[in-house]
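Enquirer: Let me begin by handing over the structure; questions about it come next.
The values are calculated or read from the model by the stated rules, or taken from the named source; none is laboratory data. Note that the coordinates shown come from a computational prediction; the quantities given were computed from them, not determined experimentally. As a convention, Cβ positions derive from the backbone with ideal geometry for all residues, glycine included, and neighbour counts pool all protein chains shown. Heavy atoms of the whole protein, side chains included, go into the accessibility calculation; ligands, DNA and RNA do not. Shrake-Rupley method; radii C 1.70, N 1.55, O 1.52, S 1.80 Å.
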Amino acid sequence: MSVLRSRPALRWLVPVAAVVTVIGGGAALGRFAAEAEPSLPPRSAAQLLVDLQTARFEGLSGTVVQRADLGLPPIAGLLAEDGPASLLTGSHTLRVWHSGPDQQRIAFVDTLGQRDLIRNGRDVWLWNSRTNTATHRVLPEGEEVANLPEVPTTPQEAAAQALAAVDPTTEVSVGRSATVAGRDAYELVLEPRDAASLVHQVRIAIDATEHLPLRFEVFAEGGDPPAFELAFTQIDYARPDADQFTFNPPPGVQITEQEDGWEHPEAAKHPEQPTQPGPTDGGGQPGLRTVGTGWATVVVAKVDEAERPTAAAEEAPDLDLLAGQLPAVQGDWGSGRLFRSELVTALLTDDGRLIVGAVTPERLYEVARG
């Protein structure tokens, strides 16, 4: 699913390192309804890893439910407008279709409407039903979709990013078998050994016959239910009809033809803000950079007044007011305010940096020190 691999949101979540872009209030979260544990032939963790790496499928369609409760304060929107912040808090429903490497569709459904990403060959469409706007781009030969704004993700992308963190600092084991979306599944368990990480476990339910990740969960130390959960609630491995990948513009839709890469739809509304990315190593997002590797990765963002979004200035919470409610901290790295939850730690420094990760405060201080 090449179009799914391009989504940076889960690169920021696993190991929940760049939640700097998802600082927002999470809703209460319950685990997906449990089903009876199926009886499956034994399989080792090494075998399950091979299954994931060698899985092949021609088509699928299904419904994905995403739930998040990262225990964060309500300061979403200060670092990115309409970004993955809306996807990493609360509960969301997605519909996905896949038919080979050149045909994919993802529909993000919420109470305000629906947003679709559709790829049909070289044609790629982004459509927002709430604003009745669409962006169209014809991909040059050999180019894949990358850095698309506001595109939701799936369990297989989440699993791929988690597995990228597997190294000698990760203990890999087999959990209990499960039934997910009516499919028997093995469970692969990743447990960081890095003392700086606040992630207790990542659990990946893998289809016993198709070897596709069906459910992805992140647990904090001592946490139950999971802090983040992404799972198919229904899945069909039949190849979808070709009509699913044809975009039929609704009446009155405003269409923008995009030629040079994908631009955030809000960028054109605020020319005073730079549209060209600055130094970035944070999933393709301007103003973000990642520090470290594996489970101890953190993200650093500048939050100076000049760089704060202005589109929703009246609606956005007052960062200084919120920061003032957090405990003051200082050290040889400087001074600032610290937020802590079971899974996420955020350091807002007095020199205008926001440093966030699923790590201990000591790790943030180390990064702040430089």
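Enquirer: Compute, for D116, the solvent-accessible surface of its heavy atoms (probe 1.4 Å) with the complete set of protein chains present, and express it in square angstrom to the nearest 10.
Expert: Spelled out: D116, probe radius 1.4 Å, area about 10 Å².
Enquirer: Using 0.36 nm per residue, how much length does the chain from V172 to D224 gain when fully extended, once their Cα-Cα distance is taken away? Write out the running numbers ahead of the final one.
Expert: Values: separation 52, 0.36 × 52 = 18.72 nm, distance 1.98 nm.
Result for the pair: 16.7 nm of gain on full extension.
Enquirer: Testing the spin-label approximation: label points 7 Å from Cα along Cα→Cβ at K302 and H136. State their distance in nm.
Expert: Calculated label separation equals 3.8 nm.
Enquirer: Taking all protein chains together and a probe of 1.4 Å, list Y186, Y237 from the most accessible to the least accessible.
Expert: Largest accessible area first, the list is Y237, Y186.
Enquirer: Here is a further query. For the full complex of protein chains and a 1.4 angstrom probe, list T54, T360, T111, T345 by accessible area with the highest value first.
Expert: T111, T54, T360, T345
Enquirer: Let me ask another. If R95, R56, R215 are ordered by their accessible area, calculated over protein heavy atoms with a 1.4 Å probe, which sequence runs from highest to lowest?
Expert: Highest to lowest solvent-accessible surface, that is R56, R95, R215.
Enquirer: Can you work out the FRET efficiency for the pair D332 and T293, with r the C-beta to C-beta distance and R0 = 30 Å, to the nearest 0.05? Write out the running numbers ahead of the final one.
Expert: Numbers: r = 24 Å, r/R0 = 0.80.
So, using R0 = 30 Å, E works out to roughly 0.80.
Enquirer: Related question: H211: accessible area at probe 1.4 Å, nearest 10 Å²?
Expert: 50
Enquirer: Please work out the FRET efficiency for the pair D236 and Q258, using the Cβ-Cβ distance as r and a Förster radius of 35 Å; give the result to the nearest 0.05.
Expert: 0.65
Enquirer: How far apart, in nm, are the 7 Å Cα→Cβ label points at R56 and D243?
Expert: 3.1
Enquirer: Right, another one. Once the piece of chain linking Q325 and D102 is laid out straight, how much longer is it, given 0.36 nm per residue of separation minus the C-alpha distance between them?
Expert: Working: separation 223, 0.36 × 223 = 80.28 nm, distance 4.92 nm.
Extending this stretch completely gives an extra 75.4 nm.
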